[in-house]
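The values are calculated or read from the model by the stated rules, or taken from the named source; none is laboratory data. Since this is a predicted model, take the numbers as computed values, not measurements. Neighbour counts are summed over all protein chains in view; Cβ atoms, including those assigned to glycine, are modelled from backbone coordinates with ideal geometry.
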Amino acid sequence: MAERPYIVGNWKMNGTRSMLSEARAIDRASQRLMKVEVALAPPFTLIHATHKEVEQIGVGAQDCHAGEEGAHTGDISAAMVLDAGAKFVILGHSERRQDHGETNEIVRDKTESALAAGLRIILCCGESEETRDAGKAEEFVTGQLRASLPASVAAMLESGPETLTVAYEPIWAIGTGRTPTVADISAMHRAIRATLVELYGEDNGSAVRILYGGSVKPDNATELLSADEVGGALVGGASLSAENFLGIVMAAVDLPE
């Protein structure tokens, strides 16, 4: 796996310019915490402003359209978010899949567009509570991952494994305060790792970071980040506060080498 843990804050539909003070605080602290790679994905309206305000942390987008341009009112292309200052984009988040009806095919088309524009990708996958209770969680998640991965990523991994990050987010744990057991998280991350190695070979498949997301907080971060094959965290609500988010970053800093 990659050496540095990757802690990414997803602000979702939260934040106005007053929130830039939180981004600045996160950035200042991150300059002293070089053992961890830190990033934020603010709403589209704050990408450029956040990019201008920070020096150390990465800035990304929460989504992009698959098309390069055209009559798509309200949508934002990968080239546009890159131009605004984003370096990565979160794709396939369960809230996009559920609220906007995004299929695996739509997500895959978006990943192809993002890669073509030069963006790094955080590709999300995760199962519902019903799927887990039916004993089909690993089968569903690895199938969803295979169907959402872009064909073009294989060649790009040769030049830089940071091109792709996978985020496992059990849908039933997002924003609910519930988390799977560490054993469940480890098992799922091992299944995802095995899928990546099968698709891209031992070297490239082992270098892709796999993040855990779903009610990650400062008080459970150490336990979750210590799980097998967990290379960081995709953080929702706790990333809106510099204090809470940095508590998670510190947990990553303190992980044994």
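Below are the figures for this structure:
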{"quantity": "Of all residues making up segment 48-80, the number that are assigned to a loop (DSSP other than H, G, I, E, B), within 29 Å of Phe245 (Cα to Cα) and among the aliphatic types (A, V, I, L, M)", "calculated": "3"}
{"quantity": "Test: residue in segment 25-41 that is crowded, with 22+ Cβ neighbours inside 10 Å and either free of Cβ contacts under 8 Å to residues at least 12 places away in the same chain or in a loop (DSSP other than H, G, I, E, B) (or both)", "calculated": "no"}
{"quantity": "Sole residue being in a helix (DSSP H, G or I), touching a strand residue (DSSP E or B) at 6+ places or on another chain (Cβ under 7 Å) and among the polar types (S, T, N, Q), chosen from Thr45, Thr111", "calculated": "Thr111"}
{"quantity": "Near pairs, Cβ below 6 angstrom, 6+ apart or cross-chain, from segment 227-241 (closer than 8 Å to Trp11 by Cα) to any residue that is crowded, with 19+ Cβ neighbours inside 10 Å", "calculated": "Gly236/Asn10; Ser239/Gly9; Ser239/Phe245"}
{"quantity": "Residue check for Ala61: under 30 Å from Thr131 (Cα atoms), surrounded by fewer than 22 Cβ atoms within 10 Å (Cβ to Cβ) and among the small types (Gly, Ala, Ser)", "calculated": "no"}
{"quantity": "Residue within segment 115-132 that is among the hydroxyl-bearing types (Ser, Thr, Tyr) and closer than 30 Å to Arg24 by Cα present", "calculated": "no"}
{"quantity": "Single unsatisfied condition, Leu211 versus (1) touching a helix residue (DSSP H, G or I) at 6+ places or on another chain (Cβ under 9 Å); (2) crowded, with 20+ Cβ neighbours inside 10 Å", "calculated": "(1)"}
{"quantity": "First in segment 149-168 and more than 15 Å from Arg209 (Cβ to Cβ), second anywhere and in a helix (DSSP H, G or I) and of a type in the set (Asp, Glu), Cβ under 8 Å, 6 or more apart", "calculated": "Pro150/Glu112; Ala151/Glu112; Ser152/Glu112"}
{"quantity": "Test: residue in segment 3-16 that is over 18 Å from Ser239 (Cα atoms) and at pLDDT below 95", "calculated": "yes"}
{"quantity": "Residue selected from segment 83-115 under the condition within 24 Å of Lys52 (Cβ to Cβ) and within 17 Å of the chain's Cα centre (by Cα), by the criterion surrounded by the fewest Cβ atoms within 10 Å (Cβ to Cβ)", "calculated": "Lys87"}
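A quick yes/no check of all residues on (1) out of contact with any helix residue (DSSP H, G or I) (no Cβ under 9 Å at 6 or more places or on another chain); (2) within 19 Å of Ala39 (Cβ to Cβ):
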site: Ala155; (1), (2): yes, no
site: Ile171; (1), (2): no, no
site: Leu196; (1), (2): no, no
site: Ala221; (1), (2): no, yes
site: Leu234; (1), (2): yes, yes
site: Ser241; (1), (2): no, yes
